[in-house]
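The values are calculated or read from the model by the stated rules, or taken from the named source; none is laboratory data. Since this is a predicted model, take the numbers as computed values, not measurements. All Cβ positions, glycine included, derive from the backbone under ideal geometry; neighbour counts span all protein chains shown. To get the accessible areas, we keep the full protein, side chains included, count just its heavy atoms, and leave off ligands, DNA and RNA. Shrake-Rupley method; radii C 1.70, N 1.55, O 1.52, S 1.80 Å.
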Amino acid sequence: GAVVSQHPSWVICKSGTSVKIECRSLDFQATTMFWYRQFPKQSLMLMATSNEGSKATYEQGVEKDKFLINHASLTLSTLTVTSAHPEDSSFYICSASKSGFYEQYFGPGTRLTVT
Amino acid sequence: KNEVEQSPQNLTAQEGEFITINCSYSVGISALHWLQQHPGGGIVSLFMLSSGKKKHGRLIATINIQEKHSSLHITASHPRDSAVYICAGAGGGADGLTFGKGTHLIIQP
């Protein structure tokens, strides 16, 4: 149990376009979903926390107008990278929590390359 | 601000060796995750600990709350254990995790 999927697993897009990444909890309801970003050879960094039906909370330094997060249901959160630039190329990982407490279940990640 | 420090950063060992990876964390953290990340990036959650010890197959994770220290052990290591192992601290409530920098483990046959 506690499976989280992400789609797509990888995407290549042109500079200036927008890309949407989906995160789904397949067999449980996720009250809270987290979005992380990982640059090459670096640790994961929390970008934002989203709770179903409310606005996401962004970490300092993460532009909320650039990284749009929608947690429309208890099983789906989306991250849209708007007007993507090459510096947005990264590995994006979501995790989902059943109760908003310690336990988090990770998606497989999405590798974004902006050309 | 929560902090997590991991050691060593890199570890190369021979197949069969006993492996230990260490993690120290700051006061605000009340639970520790151990994660495994293979080349290609996908993350697997190995353990979540708030006290004591957990075992799964050849993997053992311990946590000492007083010393704010956790260890991940791999017994009878195998080349397929080669990966980046990450400890991550949870502060409780609806908080994201604070990640250590990871330990890049290579097990040579």
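Some observations on this one:
- When A:Pro86 is tested against (1) surrounded by fewer than 17 Cβ atoms within 10 Å (Cβ to Cβ); (2) at pLDDT below 95, just one condition goes unmet, and that condition is (2).
- For the residues A:Thr49, A:Thr32, A:Thr57, the requirement of being in contact (Cβ under 8 Å) with a residue 40 or more places away in the chain, β-branched (Val, Ile, Thr) and either open to solvent by 20 Å² or more (accessible area, probe 1.4 Å) or at negative phi (or both) singles out A:Thr32.
- For region A:12-29, the candidate set comprises residues that are hydrophobic (A, V, I, L, M, F, W, C) and open to solvent by 30 Å² or more (accessible area, probe 1.4 Å); within that set, the residue that is farthest from A:Leu79 (Cα to Cα) is A:Leu26.
- Verdict on B:Tyr85 being modelled with pLDDT under 95 and not small (Gly, Ala, Ser): no
- Scope region A:35-46; condition hydroxyl-bearing (Ser, Thr, Tyr) and open to solvent by 80 Å² or more (accessible area, probe 1.4 Å); matching residues: none
- Matching residues, region A:73-115, being within 20 Å of A:Trp10 (Cα to Cα), touching a strand residue (DSSP E or B) at 6+ places or on another chain (Cβ under 9 Å), polar (S, T, N, Q) and more than 14 Å from chain B (Cβ to nearest Cβ): A:Thr78, A:Thr80, A:Thr82, A:Thr115
- Listed here are the strands (runs of 3 or more DSSP E) enclosed by region B:1-108 that have at least 1 residues being more than 22 Å from A:Arg37 (Cβ to Cβ) and open to solvent by less than 20 Å² (accessible area, probe 1.4 Å): B:10-14, B:19-25, B:31-37, B:43-49, B:59-64, B:69-74, B:103-108.
- Qualifying residue in region A:9-22 (condition: within 11 Å of chain B (Cβ to nearest Cβ), over 18 Å from A:Val114 (Cβ atoms) and under 13 Å from the mean Cα position of the chain (by Cα)): no
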